[in-house]
Amino acid sequence: MSTLWLIAKIAIYTIVLNVLYRQTYNFIFVLARRPVAWILTIAALGVANMVLAYALAWDPSLVITATLIAIFLNFSPSTPKGISKEDFRASVDVIYEEWGIARGRLKSRLGFIGFVICSLCAYALLLGEMCTSSGECTTIIESIFS
């Protein structure tokens, strides 16, 4: 039963992260046409995700699994069959231009990369552990500041 509960927690946490990622994209990036604000928001979401997990003393494996699944779910779609990469990229750029967002494809990828890097760095600092030779383990952030 505990395995099912862990899977359910991972699924719920993944859904929450995925919804936050996509809705910030919809509202900040597309509707408000503020791609730089979205990049900063999504990078902050990556850090806030790990700060919340650290503050609530959540299981690190739950947090990183849900985060990695959310990252996987937000990869850019591959090029459809029958369309060249150049044509597909050009059509995506045209859509962003119609929305009034210059270099939108680049900015959306920068936001995605920011989310990935900030999430993984915050995970390593807040939930990663360093152990001494005597077997005493503390988180990396506690080791740095102690």
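Shown here for the stretch 8-84: trypsin sites (Lys or Arg not before Pro) in loop regions (DSSP other than H, G, I, E, B) with at most 11 other Cβ atoms within 10 Å, namely Lys81. Coupling constants for the stretch 39-50 follow from the phi torsions by the Karplus curve (6.51 cos²θ - 1.76 cosθ + 1.60, θ = phi - 60°), and in residue order they are 4, 5, 5, 6, 5, 5, 4, x, 6, 4, 4, 6 Hz; glycine and proline get x. For the stretch 13-30, putting each phi into the Karplus relation 6.51 cos²θ - 1.76 cosθ + 1.60 with θ = phi - 60° gives couplings of 5, 5, 4, 4, 4, 5, 5, 4, 4, 6, 6, 5, 4, 4, 7, 8, 6, 8 Hz, in residue order, rounded to whole numbers and with x for Gly and Pro.
Surface exposure of the chain, expressed per residue as accessible area with a 1.4 Å probe, stands at 63 Å².
By the rule of a C-alpha distance below 27 Å, with chain neighbours fewer than 8 residues away ignored, the lysines paired with Lys107 are Lys81, Lys85.
Here the 3J(HN,Hα) profile of the stretch 132-143, calculated from phi with Karplus coefficients 6.51, -1.76 and 1.60 at θ = phi - 60°, is 8, 5, 7, x, 8, 10, 9, 5, 4, 5, 5, 5 Hz, Gly and Pro shown as x. Which are the unpartnered cysteines of the chain, meaning those with no other cysteine Cβ under 4.7 Å from their Cβ? Unpaired cysteines in the chain: Cys118, Cys121. The accessible-area ordering, largest first, of the residues Asp93, Asp87 stands as Asp87, Asp93, per a 1.4 angstrom probe. For the chain, the C-alpha radius of gyration sits at 1.26 times the compact-globule guess of 2.2 N^0.38 Å, with N the residue count.
Checking every one of the chymotrypsin sites (Phe, Trp or Tyr not before Pro) in the stretch 51-146 against DSSP loop status and a limit of 10 other Cβ atoms within 10 Å picks out Phe75. Check Gly128: other-chain or 5+ apart residues with amide H under 5 Å from its amide H, H built from backbone geometry? Correct list: Ile140. Let me have the relative contact order for the chain, percent, based on Cα pairs under 8 Å that are six or more residues apart. Reported relative contact order: 29 percent. Rounded to the nearest 10 degrees, the inclination of helix 85-99 to the longest alpha-carbon principal axis of the chain is 90 degrees. The aspartates and glutamates within cross-link reach of Lys9, meaning a Cα-to-Cα straight distance under 19 Å and a gap of 8 or more places when in the same chain, are Asp59. When Trp5, Trp38 are compared by accessible area of protein heavy atoms, the largest-first order is Trp5, Trp38, using a 1.4 Å probe.
The values are calculated or read from the model by the stated rules, or taken from the named source; none is laboratory data. None of these values were measured; they are calculated from a predicted model. As a convention, Cβ positions derive from the backbone with ideal geometry for all residues, glycine included, and neighbour counts pool all protein chains shown. These area figures cover heavy atoms from the full protein model, side chains too; ligands, DNA and RNA do not enter into them. Shrake-Rupley method; radii C 1.70, N 1.55, O 1.52, S 1.80 Å.
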